[in-house]
Structures are given as structure tokens and as C-alpha cells.
Amino acid sequence: MNVEETELPGFGVRKDFMTKSGRRIGVVAHRDGETELIISAWDDPDTCQASIPLTGDEASALGNLLGSQRIVMQLTEEHKEVPGIVTRQFSILPDSPYRDQPMGKAAIRTRTSVSIVAIMREGEVLPSPGPDAILHAADLLVAVGTQEGLDATAMILRNG
Amino acid sequence: MDPIALTLIELGAVIFALGFLARLAGRISMSPIPLYLLGGLLFGAGGVVDLHGVREFAHLAGEIGVILLLLLLGLEYTAKELFTGLRRSWQAGVVDAVLNFLPGAGVALLLGWGGVGALVMGGVTYISSSGIVAKVITDLGRLGNRETPTILSILVFEDLAMAIYLPILTAVLAGVGWLGGLQTVAISLAVITIVLVVALRHGHRVSKVVHSENSEVFLLNVMGLALLVAGLASAMQVSTAVGAFLLGIAISGTTADVASRLLEPLRDLFAAIFFVAVGLNTDPLSIPPVLGWAVLLALVTAITKMATGWWAAWRAGVAIPGRARAGASLIARGEFSVVIAGLAVTSGAITGELAALAEAYVLLMAVIGPLAARFIEPAVKALRRPRKPKRETPATVG
């Protein structure tokens with residue numbers, strides 16, 4: 001993958017690459033910290049069909065969504081043999097009671113037997129997080145467990 | 001009435017009117033600069049109302065406006081960006097300078113305004129308005145476009161060229177001969193090099209001098225230093241504006257970001273007064289006789305900027321629609337053309353006709369530029385459609 005970095009004097013830096021389907025996709029990182037998602041038009045790869053300003057939270061949420069998809073698929077593939085085991089992702093909402101709290105406080109494994117196998121944060125993976133791992137808003141938790149356990153986990157993360 | 005009271009009333013009325021004009025400009029999404037100029041023309045010598053009291057204040061405030069315009073321009077760039085910009089686009093920059101300086105200089109010579117007039121008018125037609133261009137690019141969501149870095153580096157080159165051009169102009173307008181002219185050029189080149197190197201290596205130290213957590217202290221520091229540097233530069237005959245520009249470049253990092261945010265409202269106020277001041281000093285009746293030349297210059301230099309952008313984007317490997325966008329984006333002229341004309345007018349070394357021509361020209365280009373940038377895209381599409389009737393379907397993803 002060849003990510004092209006171009007300086008935009010007075011604005012910031014643009015980082016983008018060409019996809020297999022012939023679209024240019026990337027971000028403009030503004031100097032004041034703002035991020036803009038850019039997607040080229042299909043009939044003219046030089047121009048942008050969309051340039052969407054994202055807040056910091058939104059940018060890391062999007063990064064997590066894109067990054068976690070592969071992990072979830074891999075895990076699903078691995079657990080295919082075991083019936084009843086499902087992989088699911090949960091995002092930590094800004095109003096979650098466990099926001100900025102250590103994960104152990106939610107006691108998810110004790111209460112639901114669900115394992116949190118990874119936390120996705122700002123596009124990076126924190127594999128097998130311990131109970132001390134602090135949960136932040138826009139984090140994405142990758143969880144493995146039974147259908148009922150996962151439903152309970154969702155409730156816990158949302159309502160405590 | 002007490003003269004102070006009268007001046008305050010006049011000044012208040014003018015600034016209030018400017019606010020109205022700025023809102024109008026925002027409503028129809030155009031640059032407010034031409035409206036400010038028009039306002040100045042209406043209220044100045046020979047205009048509808050002659051505002052005497054304001055003029056003295058407007059003169060000094062206008063000077064500060066120019067200093068702030070250039071200071072904030074310098075703050076936008078880091079020294080590193082200037083270097084990469086120069087390396088990436090110096091060929092395009094030279095083509096830009098030659099193609100767009102010559103029409104203005106040529107018309108000045110044709111009208112018998114001599115070498116000084118040619119130098120002024122060449123500068124007026126050469127420099128694009130980085131303010132208008134940057135705004136058009138963000139407004140039209142073209143920041144992610146492939147041609148945008150090309151446009152921006154041409155602007156960087158022009159701004160650096162100003163740092164050499166303005167001292168020369170100041171010297172020539174002051175009436176120094178060839179030798180004196182060469183001397184100022186040598187001085188300013190040396191100063192620019194030193195400032196750029198210092199900014200690159202020790203930018204954080206300069207930033208540290210002005211930086212403060214207290215925004216009041218910060219504001220006073222930056223403003224005081226800017227005026228000091230501008231004054232010293234002026235005493236050395238190197239043009240006030242360039243001093244401020246170089247100071248802006250030397251300040252970097254978060255200090256630069258905070259400084260821009262603090263100074264922006266001040267710049268908007270004083271720059272608006274500057275544009276009005278230029279208009280105030282021009283007799284509106286002197287515009288109609290030069291309007292024909294202004295239209296001709298507008299046409300020719302719209303085409304030359306178009307060619308510059310087209311060529312530069314082509315060199316960067318951008319396809320035809322992008323080349324057209326790059327060319328059209330560069331057409332706008334604005335604040336710096338007015339700065340050059342204003343400098344010339346206040347020196348008294350040029351005819352009033354030249355100021356009238358420069359103003360009429362900027363009025364046209366500040367309006368045409370953004371419109372051209374906006375409508376070039378549908379125009380190119382309409383032109384290209386008949387040639388390729390088969391409309392491809394978008395590639396399916398996945």
C-alpha cells in the first residue's frame with residue numbers, strides 16, 4: 001500500500017492512496033487538529049466527490065470501524081467450529097457509565113462469561129486487554145461469547 | 001461640533017457601513033474586498049460624501065492593516081513549507097511571474113507611465129490574492145483535490161516573490177537610483193535568507209519570546225514586535241510589510257496558531273480600513289476613463305493565469321478538468337494588488353490615473369476570480385460531454 005503524503009502550505013497535510021476500484025481515498029490533516037475525510041469522484045480522480053470534516057472522536061470511531069472489521073472476521077472464522085460462540089463489537093458511547101473507568105470495574109467476564117479480546121482505539125489494536133485497561137469514548141471492544149452473554153454485555157456497557 | 005466628535009461619528013458610520021458590506025458579500029459568497037474599495041470611492045475625495053476627518057486616521061490604520069495582512073500571511077506558513085514549496089514549484093513560479101507581470105507592465109508603458117509605472121502595474125497584475133484563493137478552495141471543498149498542492153505552492157512562490165519585490169518597489173518609489181536599488185535588493189535578499197535560516201533552525205526561540213499563556217500579554221507582545229520590526233524594516237528602506245511577513249514566518253508551531261487566532265479580528269478590522277483608505281484617496285471620476293484598459297487587462301491576465309495554472313497542473317500529472325480548475329482558481333487578484341497600488345499612491349511618485357486603473361482592475365478581478373473558479377467545473381464538463389457519449393458505470397466495490 002503506497003500512501004502518498006502531500007504538504008498543503010497554509011492548511012496541513014494530505015495523506016491518500018489509490019484503491020483497487022480506482023478511487024483515491026484519504027484524509028486531510030488540518031494544522032489546527034481537524035481531520036477531513038476525502039473520497040475522489042469516480043469520473044475524475046483529481047477531484048473530490050466528498051470531503052467530510054470529522055471531529056477527533058468521529059475520526060477515531062471511523063478508524064476503529066474499519067480496523068475492527070478484519071479482526072471480527074478472523075475471530076468469527078476461528079470460532080466457526082464451536083456452535084453458539086459469536087464475535088461482536090461494542091462501542092463505548094460518550095455517556096457510558098464505564099467511560100474513563102478501568103475495564104475491570106464493569107466485571108463483564110464475571111457477570112456474563114464474555115471475553116473482551118481486543119480494544120480498538122484510534123485505529124490501533126490493544127490485544128487481550130487486562131482489567132486495568134481504561135475505556136475511552138469511541139473505543140471499540142471486540143467481544144467473544146454466547147448470544148445471551150453478548151446481549152447482557154451490551155446492556156452493561158450502556159447502562160451499568 | 002467638536003472635531004473629535006465629528007471624526008468619531010464619521011469613523012463609526014464608515015465601519016458600520018463596512019460591516020453591512022461584509023454581510024452583503026457573505027450573503028452572495030464573494031470577497032468583501034471590492035465592496036470595501038467601492039465604499040472608499042464613494043466616501044472619498046470627489047465622492048458622494050467627503051469624509052475629511054476620517055482620512056488621517058484611515059491612513060495610519062491602513063498602514064497597520066497592511067502590516068497585519070502580511071504578518072498573518074507569514075504565520076500561515078512554516079519555513080519548511082516555504083522551502084518545499086519553492087523546490088516543488090519554482091519553474092511554475094517563474095512562468096507565473098513572467099506571464100502575469102508583462103501584461104500590466106506593458107499597458108503602463110503604452111500609457112506612457114514610464115519604468116516606475118510599469119514596475120507597479122506589473123506587480124498589480126502578477127500577484128494572485130492568496131486570501132481569496134484559499135477561501136475559494138475551502139468553500140468549494142477542493143482541499144483534497146490533486147491540483148490543490150500545485151495552486152498552493154504557486155501562491156507560496158508569489159508570496160516569497162513579494163518579499164523581494166516590495167523592497168525593490170519601495171526603493172524605486174523613494175527615488176533612489178540603480179545603485180541604491182541594487183543595494184536594497186542585496187539587503188533584503190540577505191535579510192530574507194537569514195530570517196528563513198533562523199526560522200528553520202531556531203523558530204522555537206523566536207516563538208518563545210512572544211509566547212505567553214495570558215492572551216492579553218501574548219497579543220501585546222506579537223503586536224508590539226510586529227510594529228517594531230515593520231518600523232525598523234521601513235527605516236532600512238526594506239518596506240514595512242516585508243518585515244511583518246518575515247516575522248510571521250519566524251514564529252512557528254502552536255505559537256503561530258494562537259497568534260493567528262488572536263490577530264485575525266484585528267486584521268479584519270484594519271485591513272478593511274486599509275481598503276477603504278485606498279478608495280478614499282482616489283477620485284471616482286478618474287475611473288471611467290481607464291475602465292477600457294482595466295477590462296482589457298482583466299481579460300488578458302485572466303487568460304495568462306489560466307495558462308499558468310494549466311501548465312503547472314499538467315506538469316504535476318493532473319488531468320484536463322483539474323488543469324482548468326487550477327488555472328481558474330488563480331485568477332483572483334485582491335489584497336496584495338491593492339497593497340502595491342496603495343504603496344505607489346502614498347509615495348506620490350506615480351500618476352493618479354495609475355491608482356484608478358489598479359483599483360478598477362482589482363474590482364474586476366476580485367469578482368471574476370471566485371466566479372471563474374466556481375463555474376469552470378460545469379463549463380469543462382459541458383465542453384467535454386459531447387465527445388464521450390458512453391457513460392461508464394462506476395466501478396463496483398468489493
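The values are calculated or read from the model by the stated rules, or taken from the named source; none is laboratory data. As the structure is a computational prediction, the values presented were derived from the model and not from experiment. Here the Cβ positions follow ideal geometry from the backbone for every residue, glycine too, while neighbour counts run over all protein chains shown. Note: accessible area is taken over every heavy atom of the protein model, side chains too, but ligands, DNA and RNA are not part of it. Shrake-Rupley method; radii C 1.70, N 1.55, O 1.52, S 1.80 Å.
Quick one: ranking B:Leu42, B:Leu247 by accessible area, 1.4 Å probe, largest first, what do you get?
So the residues, ranked largest to smallest area, are B:Leu42, B:Leu247.
What is the projected area of the convex hull of the Cα atoms of region B:177-265, averaged over all directions, in nm²?
Numbers: hull surface 23.4 nm².
Computed as one quarter of the Cα hull surface, the answer is 5.8 nm².
Run the quick spin-label model on B:Leu296 and A:Phe17: label points 7 Å from Cα toward the beta carbon, then report their separation in nm to one decimal.
The two pseudo-label positions are separated by 5.6 nm.
Quick check: pseudo-label points 7 Å beyond the Cα along Cα→Cβ at B:Ile164 and B:Phe16, how many nm apart are they?
In this crude spin-label approximation the distance works out to 4.9 nm.
Over the Cα atoms of chain A, what is the Rg over Rh ratio if Rh follows Kirkwood? Write down the numbers at each step before the final one.
Details: Rg = 18.6 Å, Rh = 17.5 Å.
That ratio is 1.06, to two decimals.
Please report Rg over Rh for region A:40-98, where both radii come from the alpha carbon positions and Rh follows the Kirkwood definition.
Details: Rg = 17.2 Å, Rh = 14.8 Å.
Looking at region A:40-98, the ratio lands at 1.17.
State the Kirkwood hydrodynamic radius of region B:3-380 in Å, one decimal place, computed from all pairs of distinct Cα atoms.
Values: mean 1/r = 0.0479 Å⁻¹.
Taking every pair of different Cα atoms in region B:3-380, averaging 1/r and inverting gives 20.9 Å.
Stokes-Einstein diffusion coefficient for the protein assembly as shown at 37 °C in a medium of 0.692 mPa s, Rh from the Kirkwood formula over Cα pairs: what value in µm²/s? Show your work: numbers first, answer last.
On the way: Rh = 26.5 Å.
Translational diffusion coefficient: 124 µm²/s.
Whole-Hz Karplus ³J(HN,Hα) for region A:129-145, in order, using 6.51 cos²θ - 1.76 cosθ + 1.60 and θ = phi - 60°, x for Gly and Pro?
Rounded to whole hertz, the list is x, x, x, 7, 4, 7, 8, 10, 4, 6, 5, 10, 9, 9, 10, 10, x.
If a/c stays under 1.5 just call it rounded; otherwise compare a/b with b/c (prolate if a/b is bigger, oblate if not). Do that for region A:67-160, with a ≥ b ≥ c from the square roots of the Cα gyration tensor eigenvalues. Before the final figure, lay out the partial values.
Working: a/c = 1.87, a/b = 1.28, b/c = 1.46.
In terms of gyration-tensor shape, oblate.
Label region B:262-398 by shape, choosing from rounded, prolate and oblate, from the square roots a ≥ b ≥ c of the eigenvalues of the Cα gyration tensor; if a/c is under 1.5 it is rounded, and otherwise prolate applies when a/b is larger than b/c, oblate when it is not. Present the calculation step by step, with values, prior to reporting the outcome.
On the way: a/c = 3.07, a/b = 2.08, b/c = 1.47.
It comes out prolate by the Cα gyration axes.
Stretch B:Thr254-B:Thr346 to full length: gain in nm at 0.36 nm per residue minus the Cα-Cα span? Provide the component values of the computation, followed by the final result.
Working: separation 92, 0.36 × 92 = 33.12 nm, distance 3.64 nm.
Here the answer is 29.5 nm.
Taking Cα centroids, how far is region A:94-156 from region B:143-215 in Å?
Cα centres, region A:94-156 to region B:143-215: 54 Å.
Give, in nm to one decimal, the length gained when the segment between A:Val82 and A:Ile134 is fully stretched (0.36 nm per residue of separation minus the Cα-Cα distance). Kindly include the intermediate steps, with their values, before the conclusion.
On the way: separation 52, 0.36 × 52 = 18.72 nm, distance 3.05 nm.
Residue separation times 0.36 nm, minus the Cα-Cα distance, leaves 15.7 nm.
Using 0.36 nm times the number of residues separating B:Gln91 and B:Ser215, minus their current alpha carbon distance, what extension gain do you get?
On the way: separation 124, 0.36 × 124 = 44.64 nm, distance 4.17 nm.
Residue separation times 0.36 nm, minus the Cα-Cα distance, leaves 40.5 nm.
With a ≥ b ≥ c the root eigenvalues of the C-alpha gyration tensor of region A:4-54, is it rounded (a/c under 1.5), prolate (a/b larger than b/c) or oblate?
It is prolate, given that a/c is not under 1.5 and a/b is the larger ratio.
Can you work out the FRET efficiency for the pair B:Lys80 and B:Leu262, with r the C-beta to C-beta distance and R0 = 22 Å, to the nearest 0.05?
Details: r = 23 Å, r/R0 = 1.05.
Computed FRET efficiency for B:Lys80 and B:Leu262: 0.40.
Highest mean first, how do B:81-88, B:59-66 rank when packing is the count of other Cβ atoms within 10 Å averaged over residues?
Numbers: B:81-88: 17.9, B:59-66: 21.0.
The peptides rank, most packed first, as B:59-66, B:81-88.
Extending each Cα 7 Å along its Cβ direction at A:His30 and A:Ala154, get the distance between those two points in nm, one decimal.
Those two pseudo-labels are separated by 3.5 nm.
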